[in-house]
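Undergrad: I'd like to ask some things about the structure below.
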Amino acid sequence: MPESVDSIDSKFRFILIAAKRARQLQAGAKPLIPHTTSRKPTRIAQEEVRAGAVKFELIPLTKPKTPADQEETSKKVKR
């Protein structure tokens, strides 16, 4: 499910989302907001993210497997 701009929990995540969108704009994508105050792709991307025009999804982290878990998994496969 796409998240809204209100769900961006940190400045770092905001910048990552805007940077990815700026790369898309530099590659020739059309701006998602009709009226922007800037011509630079990075600024346009930031405006789009703030306006909620850029859809993104936060993927929950999975618990990393410990060596003991990996050993159990390999035993199950061998049986």
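Undergrad: With (1) among the hydroxyl-bearing types (Ser, Thr, Tyr); (2) modelled with pLDDT of 85 or more; (3) loosely packed, with under 12 Cβ neighbours inside 10 Å as the list, and SER38 as the residue in question, which single condition is left unmet?
TA: Looking at each condition in turn, SER38 falls short on (3).
Undergrad: Which pairs turn up if I take residues in the range 32-44 that are among the β-branched types (Val, Ile, Thr) and look for partners that are in a loop (DSSP other than H, G, I, E, B) with beta carbon separation below 6 Å, at least 6 apart in sequence or on another chain?
TA: Final answer for the pair search is ILE33/ALA53; ILE44/PRO31; ILE44/THR36; ILE44/SER38.
Undergrad: With the requirement that a residue be among the aliphatic types (A, V, I, L, M) and closer than 12 Å to ALA53 by Cα, what does the range 21-41 give you? First the steps, then the outcome.
TA: Kept after step one, since they are among the aliphatic types (A, V, I, L, M), are these residues of the range 21-41: 22, 25, 27, 29, 32-33.
Residues satisfying the conditions are LEU32, ILE33.
Undergrad: Sort out which residues of the range 19-44 are touching a Lys or Arg at 6+ places or on another chain (Cβ under 9 Å) and either of a type in the set (Gly, Ala, Ser) or in a loop (DSSP other than H, G, I, E, B) (or both), and write them in order of number.
TA: ALA22, ALA29, LEU32, THR36, THR37
The values are calculated or read from the model by the stated rules, or taken from the named source; none is laboratory data. None of these values were measured; they are calculated from a predicted model. Backbone-built Cβ (ideal geometry, glycine too); neighbour counts: all protein chains shown.
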